[in-house]
Amino acid sequence: MHYASRWGQLGNFLFGMKRVKSLIGSPVKTVGWFRRGLVSWMDLIQLENQNGTIINSYHRFDSWVWGSVLIILGILLFSLSPI
């Protein structure tokens, strides 16, 4: 499972410290994208445990933010370069 916090690496670390222990070994339902490569993984969108606790993952938001930043950076570098 690939979990991504909306708060970046700090959020991932805090999630691992506080919430993962209660999820280990418990049955859950998940929604996400299954990816194949040399190693298969699942980009988690939502996870729900037996108690009804719902955990959301924001890897799509993170990808959108980084994609937008890189596009803007490319436009700036292109506009500042001499032709």
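If the segment from I83 to S22 were pulled out straight at 0.36 nm per residue, it would be longer than the present Cα-Cα gap by 16.2 nm. Simple point charges give the picture: +1 on the Cβ of Lys and Arg, -1 on the Cβ of Asp and Glu, and for the chain a dipole about the Cα centre of about 220 debye. The simple Förster model, with R0 at 30 Å and r as the Cβ-Cβ distance, assigns Q9 and L38 a FRET efficiency of 0.80.
Working note: Karplus 6.51/-1.76/1.60 with θ = phi - 60° gives region 2-16 the couplings 10, 9, 9, 7, 6, 9, x, 5, 5, x, 4, 5, 5, 4, x Hz, where Gly and Pro are set to x. If you take the beta carbon distance between I72 and Q50 as r and set R0 to 41 Å, what does 1/(1 + (r/R0)^6) give as a FRET efficiency, to the nearest 0.05? The pair I72/Q50 has a calculated efficiency of 0.40.
The average projected area of region 8-80, computed from the convex hull of its Cα atoms over all directions, is 6.9 nm². Local charge for S57 was computed over the other residues whose Cβ lies under 13 Å away, with Lys and Arg +1 and Asp and Glu -1, and equals 0.
No lab work stands behind these numbers, since they all come straight from the coordinates. Computed from a predicted model, the values in this text were never measured in an experiment. Glycine also receives a Cβ, built like all others from the backbone with ideal geometry; neighbour counts cover every protein chain displayed.
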